[in-house]
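Following: one structure in structure tokens, then a few remarks.
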Amino acid sequence: MKNRIVNFFKWIYFLYYDGFTSMKVGKTLWLLIVIKLFVMFVIVKWLFFPDVLKENFHSDEERSAYILDTLTKER
Amino acid sequence: MEHTELLTDWSRAQFALTALYHWLFVPLTLGLTFIVAIMETIYVKTGDTKWKETTKFWMGLLAINFAIGLATGIIMEFEFGTNWSNYSWIVGDIFGAPLAIEGLMAFFLESTFFAVMFFGWNKVSKKTHLVSTWLVAVGSNLSALWILIANGWMQNPVGMKFNPDTARHEMVDFWALVFNPNAVSKFLHTISSGYVLASLFVIGISAWYLIKKRDTQFARRSIIVASSFGLITSLFLLTTGDESAHQVALNQPMKLAAMEGLYDGEERAGIVAFGLLDQTKEIGDEKDPFHFSFEIPGALSFLGYHDLNAFVPGIDNLIEGSEKYGLISVKEKMKRGKIAVASLAAYKRYKKQNNMPEAQKALKAFEANQKYMGYGYLKKPEDAVPNVALSFYSFHIMVGLGTWFLVLFAMSLYLSMINEMHKKKWFLYLALLTMPLAWVAQEAGWIVAEAGRQPWAIQDLLPVGMASSNISTTSVMITFWLFAVLFTALLIAEVKIMLKQIKIGPEGH
């Protein structure tokens, strides 16, 4: 049983390993994916996209109160 | 910081930009996964390695599209938290569940079976590989289901209850949310449009090979599969489109009126097959909305209400209301909406004072008028009308192109069956030129769906102005252009890599 599990994980490892090493266009695509994810998560998210309610308020009660104020403010 | 209309407009423009770019990639993945699965099924059934070669070529293009499009939707998640934080809070529970399911399902199904599909050709049996390919197709399409359920809820909010203490909509009926008729028709219409786009993509590229007189057998094989799949799914697209329009008529009559440029409602209303809107036309005036138009009598009544003689309300009727047809005027809805907002404020105030009897009274008044709450934020009745020209032209471009695609698939299948397609150069060029129009139709469809439901973020309950965050307009403008550059670069990369692979051809795979 233990051997079968080990073999299964070995099989998965080699599936990915052989797949990645024999890629042609795939290498360019992976490079693009890595650059894209870096730009999105590190630059864009970090610099420009804070979670406004999470950053400005400490608890869900405060967030609820703020939204209720916004919804019921006299216009 | 002042919360201005300019800020809301820029936040909307940014969301539209990211959604439209994201949608350049998604439908091709939705459709191409199925086409590839069909091709591989033929390979497994016949044992003919030419079908394996065909499958692998289109699978390569699918991989390029998938990799470039991957995570472009994440940007919209960022925007929910930053630009649309009020909205995200208010709908938290409704969006949370479907999106969490989507994330888990997409991650497990796609990451596992994608690997087997791309790397497993010589590692697993033919049948296991085929099952993986089908599971990728089903998994990709199912991940679209959850986001469309969330979108369907925004257009027809069901299965939820607003909690006045937390200011959040909470789910009370999961199945009502899942089987929301608007969500079901939207899901089916959207995925089938992806199948049509992918079929046109395969036919267009194959036509190029035939024009160039290279890889002709491969191209002909591909065209037969894509034409058959395209024709069947086009017919399905037609029926799901009909159901979508029916749902719009029932839940979003103002959107339907804008889509058709219908100001003065009528029984046995016709569909404008084509027409040119008069931009000087204003709500409530006597002018003809069109410089010229050609109508199909009764078709709009039938499309909207499945009854040739049904009354279809126009923009003027919906604004002014009509006792005869049971329509409440926007003015009256605004009055009730203001009562809902004031009652919510009173509930909050009395609760703070611990005056529970008065708080309960206020809550009852709120619940009685909550259906119209969003109208309480409108400044004038005309604000309830979406951009008519944008809705009208987008709708007609989508329908017109959809009709042309159906004709093209029928012709393509016929010419393939009689083995004449490669000889008809005019048709090959037509197929090639039609390919980009598939994306035009897709984007037009999204514009109808999203611009047509304005001013609402949640139909009748929350206008976009109330849904957006109070942040700096300049920062939204900067990120708008940042995304425009980023997504354009990704699009150029995709087109360049794809063109290179297409030029190499199926033998290079």
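The values are calculated or read from the model by the stated rules, or taken from the named source; none is laboratory data. Since the structure is predicted, the reported quantities are computational estimates derived from the model, not experimental observations. Cβ coordinates were reconstructed from backbone atoms using ideal geometry, including for glycine residues, and neighbour counts include every protein chain displayed.
Points worth noting:
- Residue match in region A:3-24 (condition: under 25 Å from B:Q14 (Cα atoms), in a helix (DSSP H, G or I), of a type in the set (V, I, T) and more than 8 Å from chain B (Cβ to nearest Cβ)): no
- Members of region A:48-65 that are of a type in the set (A, V, I, L, M, F, W, C) and either more than 9 Å from every other protein chain (Cβ to nearest Cβ) or touching a strand residue (DSSP E or B) at 6+ places or on another chain (Cβ under 8 Å) (or both): A:F57
- Scanning region B:478-490 for residues that are within 12 Å of chain A (Cβ to nearest Cβ), in contact (Cβ under 8 Å) with a residue 24 or more places away in the chain and not polar (S, T, N, Q) turns up B:F480, B:F483, B:F487, B:L490.
- Among the numbered conditions (1) free of Cβ contacts under 8 Å to residues at least 60 places away in the same chain; (2) of a type outside the set (A, V, I, L, M, F, W, C); (3) within 30 Å of A:S64 (Cα to Cα), the only one that B:P157 does not meet is (1).
- Among the residues of region B:45-84, those identified as away from chain A (no Cβ under 14 Å) and either buried (at least 22 other Cβ atoms within 10 Å of the Cβ) or of a type in the set (F, W, Y) (or both) are B:W51, B:T54, B:T55.
- Identity of the residue in region B:462-509, within 22 Å of the chain's Cα centre (by Cα) and among the polar types (S, T, N, Q), that ends up nearest to B:L61 (Cα to Cα): B:T488
- Flag for B:T41 being farther than 30 Å from B:I478 by Cα, at pLDDT 95 or above and touching a Phe, Trp or Tyr at 6+ places or on another chain (Cβ under 9 Å): yes
- Any hit, region B:436-452, residues being farther than 27 Å from B:I68 by Cβ and surrounded by 18 or more Cβ atoms within 10 Å (Cβ to Cβ): yes
- Counting only helices (runs of 4 or more DSSP H) wholly contained in region B:172-291, the ones carrying 3 or more residues that are not hydrophobic (A, V, I, L, M, F, W, C) occupy B:181-211, B:216-251, B:253-260.
- Residue list for region B:145-171, restricted to those being within 14 Å of chain A (Cβ to nearest Cβ), buried (at least 19 other Cβ atoms within 10 Å of the Cβ) and assigned to a loop (DSSP other than H, G, I, E, B): B:P164, B:T166, B:A167
- In region B:117-144, the residue that is farthest from the other protein chains (Cβ to nearest Cβ) out of those that are farther than 23 Å from B:I74 by Cβ and among the hydroxyl-bearing types (S, T, Y) is B:T133.
- Failed item, numbered, when B:Y195 is tested on (1) under 24 Å from B:K56 (Cβ atoms); (2) of a type outside the set (A, V, I, L, M); (3) free of Cβ contacts under 8 Å to residues at least 40 places away in the same chain: (3)
- Search result, residues across region B:453-470 that are modelled with pLDDT under 90 and either surrounded by fewer than 20 Cβ atoms within 10 Å (Cβ to Cβ) or more than 19 Å from A:Y66 (Cβ to Cβ) (or both): B:N470
- Boolean, A:K45 is in a helix (DSSP H, G or I), more than 7 Å from every other protein chain (Cβ to nearest Cβ) and farther than 28 Å from B:Q501 by Cβ: no
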